[in-house]
């Protein structure tokens, strides 16, 4: 996995990443969220399996304004975009296999 694949973003750069990358997964997370911390190694693994995937991490505490805008009701929430369009949403601690299938379906 390269550092270019997993990016920490704010509201402005989030929109840019969604618009400018073919396949983007947005990870809404928080430091206090145990399931979010458990998802981190799974997302690292997924990044290694899909070199064209960009994972954009949004700290929900630092960017609360984005939660309503992106309809995030619980953490962690993963939003999958292909060519700027949302194609899937996964909520909670999701197994690797389910994330893998969602990305394959969007690719």
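Could you list, in sequence order, all residues of region 1-10 that are surrounded by fewer than 16 Cβ atoms within 10 Å (Cβ to Cβ) and in a loop (DSSP other than H, G, I, E, B)? Within region 1-10, 2, 3, 4, 10 qualify.
Name the residues in region 27-42 that are in contact (Cβ under 8 Å) with a residue 40 or more places away in the chain, out of contact with any helix residue (DSSP H, G or I) (no Cβ under 8 Å at 6 or more places or on another chain) and not in a loop (DSSP other than H, G, I, E, B), would you? Step through it out loud before you land on a result.
Of all residues in region 27-42, those in contact (Cβ under 8 Å) with a residue 40 or more places away in the chain come to 27-30, 33, 35-36, 38-39, 42.
Then keep just the ones that are out of contact with any helix residue (DSSP H, G or I) (no Cβ under 8 Å at 6 or more places or on another chain); that gives 33, 35-36, 38-39.
Selection gives 35, 36, 38, 39.
For residue 13, state whether it is modelled with pLDDT under 95 and part of a helix (DSSP H, G or I). Working first, answer last.
On the way: modelled with pLDDT under 95: yes; part of a helix (DSSP H, G or I): yes.
Taking the combined requirement at face value, the residue satisfies it.
When region 96-107 is filtered for residues that are surrounded by fewer than 19 Cβ atoms within 10 Å (Cβ to Cβ) and either in contact with a helix residue (DSSP H, G or I) (Cβ under 8 Å, 6 or more places away or on another chain) or closer than 19 Å to residue 15 by Cα (or both), the ones remaining, listed by number, are 96, 100. Number of residues in region 78-91 that are free of Cβ contacts under 8 Å to residues at least 24 places away in the same chain and in contact with a helix residue (DSSP H, G or I) (Cβ under 8 Å, 6 or more places away or on another chain): the value is 3.
Restricting 56, 46, 24 to residues that are part of a helix (DSSP H, G or I), within 14 Å of the chain's Cα centre (by Cα), in contact (Cβ under 8 Å) with a residue 24 or more places away in the chain and crowded, with 19+ Cβ neighbours inside 10 Å narrows the list to 46.
Once region 64-77 is narrowed to residues that are in contact with a helix residue (DSSP H, G or I) (Cβ under 7 Å, 6 or more places away or on another chain) and surrounded by 17 or more Cβ atoms within 10 Å (Cβ to Cβ), the residue that is farthest from residue 21 (Cα to Cα) is 75. When residue 93 is tested against (1) in a loop (DSSP other than H, G, I, E, B); (2) touching a strand residue (DSSP E or B) at 6+ places or on another chain (Cβ under 7 Å), only condition (2) is not met.
Quick one: is residue 63 over 16 Å from residue 98 (Cβ atoms) and in a loop (DSSP other than H, G, I, E, B)? Considered against the rule, which asks whether it is over 16 Å from residue 98 (Cβ atoms) and in a loop (DSSP other than H, G, I, E, B), residue 63 comes out as yes.
The values are calculated or read from the model by the stated rules, or taken from the named source; none is laboratory data. Note that the structure is predicted; figures quoted are calculated from it, not measured. Note: ideal-geometry Cβ built from the backbone for every residue, glycine included; neighbour counts use all protein chains shown.
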